[in-house]
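A.B. asks: Quick one: structure below, then a few questions.
The values are calculated or read from the model by the stated rules, or taken from the named source; none is laboratory data. A quick note: this is a predicted structure, and the numbers were derived from the prediction, not measured. With ideal geometry, Cβ positions are generated from the backbone for all residues, glycine too; neighbour counts draw on all protein chains shown. Areas reflect the complete protein model, heavy atoms only, side chains present, ligands, DNA and RNA absent. Shrake-Rupley method; radii C 1.70, N 1.55, O 1.52, S 1.80 Å.
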Amino acid sequence: MRCLFSRLRPRGRRGLLVRATLALLLAISAPPASAAPRTVTGQVLDAATGAPVEAATVLTDAGDGGVADEDGTFEVSIEPRSRRVTVVAPGYRARVVSLSADGGALRVELEADATAEVISVEGESPEQTRPTSYQLTGEEIRRVPGAGNDVLRAVQSLPGVARIPYNFGGLVLRGQSPRDSSVFLDGIEVPLAFHFGGVTSFYPASILSELEITNGGFDASWGRTQGGVISLTTREARTDGWRAGGEVGLLHSGALAEGPLPGGGGLIVGVRRSYLDTIVDPFVADTTPLPSYLDAQVRASWGDPRRWGRLIPQVFTSIDRVTSSELSLTSAFVRSGLTYRKSWGPTHLDAVAWGGWNGLSFSGEAESDEMSGEEMDPVATEFRRPTYVFGTRAELTRDTAWGHLRGGLDAQGGRLGQIGVTTDQGPQSFATALWWQDVAGYAEARWQTSDGRLSAKPSVRVERYGAIRQWVLDPRLNLHQRLTKSLTLRQALGRFHQQPTPMEVEPTLGNPKLRSSYTDQLSVGLEVALPGHVEASLTGFWHHGHRQPVAAVRPGPDPEVPEPNRGGLGPIFQELLEDQFGSFDYHEATGRSRSRGVELSLRRSVGRWFGFVAYTLARAERTDDPKRFTGWRPYQLDQTHHLTAIGSVGFARWRLGGRLSVVSGNPYSPGAQTPDAAVAPWSARLPLFVSMDVRADRVWHRSWGDISLYIDVQNATNRRNVEGRETDEDGATSDLRGLPILPFFGVELIPRP
């Protein structure tokens, strides 16, 4: 630890710059000395009975405000020139209250309004018998400096999530590979969560209700993943009238529309398209490859779960393209689903059926025969490989006086098509088409004491992986103890299987004998509510993986030997490509993995203040093909220390904030990774990564909504961190430096609720 702090100590001119930036962050996170906002406190009561009015909304002149808690008390921050607040609550007449000069606490009495329409919104309270998880709303994602309003980039600031070089996409949870964790949108798995491996995520924050990340220890309702689960929930569309909004940013522009449908339903539609290719095209040669991406989401909903049921159809898609006059590369997917929810008193049904398509295609020209070196006329070549997928999931829950019983079926399947190649000589195909069907059943029983202080949830998942004809059994257990009103203890224990991808077991290029991998997980978490509305958690975890797929020598008369690791970013980018597109390497299930560590989270989000501190102390290791390498070595994205501190504050119509990231350098191999290497692979580590991001938002209120301008500056200190260290065939090393100052900016049009 002393070594870590010594490396953090600023030195020289760069140290002066870091200290100045830290001072600037503290300055912008504190109220200005002049025109400081005022804090108004008070209590909202029923004028007739004197009872507290829960969930009353207190609005300031600027449109900001807060919500009263269960005993009617509130605390809001207002501009100095404000002289009144407006208090509203369902079933009561709105009241405008003038502020006194002495700044004393307000007593606001509301009169009931018999003519007021009370809209009742029903929903389920969060499941308590679960492991520690972390949540972000769409509004909070907009407050994370350095994330650029991106949904999944904001996740990389949370505990237990590793940092990816150059801020590329990929979710490494508790030392697990990106391919070992799954992203779900409204219960449907997303095959490609990032555009181009990490430019931005496939989903806009403007239609997000909540993001939840569970780094491990989830119950048996989730399967086919041995890492963690990231769940995105689309917010409900407004049904009281049509609204439209949008955004214009550095990378893309987007549009959003939502409103009512016949029959009491609602519809929300979003679309985004990048335009770097359009802007740059007139200034570069036509042979320069230019990237572009597009994504879209459509979601409708009708009905009441407690009457005839709630029906939710939806479609979402993502398309990435790189084009020039000589080549075209396209990666795309489409998913459509239909969700049905119905309740019969204490019994609840939740079912979804979905289907989709994944496509990968390439077209270009070959200039010569690379094998013989013979010059040839250009040959037009097209490559494509489609995948068709489908699935259904249905679960039934029965609430009881002592907890609940839940059971479900989860089936999915698909077809991996042949690789189709078209040249001047005509169409050809190779590799083998593969059908697969995976079927799972799961059950759980949740028991709790009468006061809800202690609960236990054992569960089991039984599954058959059709492509490899293998049965697996995953027992799991979640425990929850509410020690005091503000102190909660959580434990999770279980086994988590993951089937190989269809490409890995395809007979022509893959290994049909490959078995599923699995990880045993244990976590213990402590959550506490601290004074000042601070939420804290401390979680220890241990993971041990077996039968992990590793690159091996392909058997046969002409064996293929995997490319040796020469350091640099190759192994990390290979992890990201496998997560996005699958692997063309020959794999054998002979690897192992293990990780352990501690996650700390401190969070405060009240009124105009938003702060978050995430720290992870961890170690992640792997073994490779035992025929070529023996022993444990550090995982290429092992990061011993990962600290992220975020702070932002709103005043008047501005919000300013900053994010400090301090991360241990990734391990690398100082020489070529071969069986007879003199230096052990992955035995060295890159220098400490330090970065400061700052963000400023400005809002203009209009009658139809708000205009929000943001400037998000990544790496504001211009520190050129070492992202990789490469060794060539002669043994010479060179550093791969990180990005310089990178400003992002954009404008959002936000319709008024």
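A.B. asks: I'm trying to understand the selection: among the residues of region 35-63, which are at pLDDT below 55 and farther than 17 Å from Gly650 by Cβ?
C.D. replies: Matches in region 35-63: none.
A.B. asks: Which number in (1) touching a Ser or Thr at 6+ places or on another chain (Cβ under 8 Å); (2) under 14 Å from Ala300 (Cα atoms); (3) open to solvent by 10 Å² or more (accessible area, probe 1.4 Å) marks the one condition that Gly265 misses?
C.D. replies: Result: Gly265 passes all but (3).
A.B. asks: Look through Asp520, Asp558 and report the one residue that is assigned to a strand (DSSP E or B) and of a type outside the set (A, V, I, L, M, F, W, C).
C.D. replies: The conditions single out Asp520.
A.B. asks: When the residues of region 95-108 are narrowed to those that are closer than 21 Å to Ala51 by Cβ and open to solvent by less than 70 Å² (accessible area, probe 1.4 Å), which ends up modelled with the highest pLDDT?
C.D. replies: We begin by selecting, within region 95-108, every residue closer than 21 Å to Ala51 by Cβ; these are 95, 97, 105-108.
Right, trim to open to solvent by less than 70 Å² (accessible area, probe 1.4 Å) and you get 97, 106, 108.
Numbers: Val97: 81, Leu106: 83, Val108: 87.
Step by step, filter region 95-108, then rank; the result is Val108.
A.B. asks: Follow-up. Do we have Leu617 as open to solvent by 30 Å² or more (accessible area, probe 1.4 Å) and either under 30 Å from Val67 (Cα atoms) or free of Cβ contacts under 8 Å to residues at least 12 places away in the same chain (or both) here?
C.D. replies: no
A.B. asks: Working only within region 491-541, note down all residues that are open to solvent by 10 Å² or more (accessible area, probe 1.4 Å) and charged (D, E, K, R).
C.D. replies: Arg495, Lys513, Arg515, Asp520, Glu527, Glu535
A.B. asks: If Arg719 satisfies every condition in (1) part of a loop (DSSP other than H, G, I, E, B); (2) modelled with pLDDT of 90 or more; (3) under 30 Å from Gly270 (Cβ atoms) but one, which is the exception?
C.D. replies: (3)
A.B. asks: Something else now. Can you say whether Asp451 is at pLDDT below 90, of a type in the set (D, E, K, R), surrounded by fewer than 14 Cβ atoms within 10 Å (Cβ to Cβ) and in a strand (DSSP E or B), as far as the supplied structure shows?
C.D. replies: Here the answer is no, as Asp451 does not meet what is asked.
A.B. asks: Same structure again: Would you point out which residue out of Arg659, Arg604, Arg655 is open to solvent by less than 30 Å² (accessible area, probe 1.4 Å), within 21 Å of Val694 (Cα to Cα), of a type outside the set (Phe, Trp, Tyr) and outside any loop (DSSP other than H, G, I, E, B)?
C.D. replies: So the residue among Arg659, Arg604, Arg655 that is open to solvent by less than 30 Å² (accessible area, probe 1.4 Å), within 21 Å of Val694 (Cα to Cα), of a type outside the set (Phe, Trp, Tyr) and outside any loop (DSSP other than H, G, I, E, B) is Arg659.
A.B. asks: May I pose another question? Could you list, in sequence order, the residues of region 423-448 that are under 30 Å from Gly356 (Cβ atoms) and open to solvent by less than 40 Å² (accessible area, probe 1.4 Å)? Write out each step before concluding.
C.D. replies: Quick first cut of region 423-448, residues under 30 Å from Gly356 (Cβ atoms) only: 423, 427-444.
Selection gives Thr423, Ala431, Ala433, Leu434, Trp436, Asp438, Ala440, Gly441, Tyr442, Glu444.
A.B. asks: Here are some residues: Ser343, Ser363. Which one is more than 30 Å from Gln437 (Cβ to Cβ) and modelled with pLDDT of 90 or more?
C.D. replies: The conditions single out Ser343.
A.B. asks: Sticking with this structure for a sec: So which residues in region 203-243 are part of a loop (DSSP other than H, G, I, E, B), open to solvent by less than 10 Å² (accessible area, probe 1.4 Å) and closer than 22 Å to Ser708 by Cβ?
C.D. replies: Within region 203-243, Tyr203 is the sole residue that qualifies.
A.B. asks: Also: If you scan region 722-753, which residues turn out to be modelled with pLDDT of 90 or more, within 24 Å of Ile268 (Cβ to Cβ) and among the basic types (Lys, Arg)?
C.D. replies: Selection gives nothing.
A.B. asks: Ok, one more. If Glu258 satisfies every condition in (1) open to solvent by 20 Å² or more (accessible area, probe 1.4 Å); (2) part of a strand (DSSP E or B) but one, which is the exception?
C.D. replies: Unmet for Glu258, out of (1) open to solvent by 20 Å² or more (accessible area, probe 1.4 Å); (2) part of a strand (DSSP E or B): (1).
A.B. asks: A follow-up question, please. Among the residues of region 596-609, what is the count of those that are modelled with pLDDT of 90 or more and in contact with an Asp or Glu (Cβ under 7 Å, 6 or more places away or on another chain)?
C.D. replies: Of the residues in that region, 1 qualify.
A.B. asks: So Val472 ticks every box in (1) part of a strand (DSSP E or B); (2) crowded, with 19+ Cβ neighbours inside 10 Å; (3) touching a residue at least 60 places away in the same chain (Cβ under 8 Å) but one. Which box is left unticked?
C.D. replies: Every listed condition holds for Val472 apart from (3).
A.B. asks: Of the conditions (1) open to solvent by 60 Å² or more (accessible area, probe 1.4 Å); (2) under 21 Å from Gly169 (Cβ atoms), Glu578 fails just one. Which one is it?
C.D. replies: (1)
A.B. asks: Does region 612-644 hold any residues that are within 26 Å of Pro549 (Cβ to Cβ) and in contact with a helix residue (DSSP H, G or I) (Cβ under 8 Å, 6 or more places away or on another chain), and which are they?
C.D. replies: Gln636, Leu637, listed by residue number.
A.B. asks: Mind counting the residues in region 291-312 that are in a strand (DSSP E or B) and either open to solvent by 40 Å² or more (accessible area, probe 1.4 Å) or of a type in the set (Gly, Ala, Ser) (or both)?
C.D. replies: 13
A.B. asks: May I pose another question? For region 313-334, how many residues are touching a residue at least 24 places away in the same chain (Cβ under 8 Å), buried (at least 17 other Cβ atoms within 10 Å of the Cβ) and closer than 29 Å to Pro262 by Cβ?
C.D. replies: Counting residues in region 313-334 that are touching a residue at least 24 places away in the same chain (Cβ under 8 Å), buried (at least 17 other Cβ atoms within 10 Å of the Cβ) and closer than 29 Å to Pro262 by Cβ gives 2.
A.B. asks: Determine which member of the set Ala645, Ala614, Ala620 is within 30 Å of Ser331 (Cβ to Cβ), assigned to a strand (DSSP E or B) and in contact with a Leu (Cβ under 9 Å, 6 or more places away or on another chain). Lay out the reasoning, then the answer.
C.D. replies: Working: Ala645 fails: within 30 Å of Ser331 (Cβ to Cβ); Ala614 fails: within 30 Å of Ser331 (Cβ to Cβ).
Exactly one residue qualifies, and that residue is Ala620.
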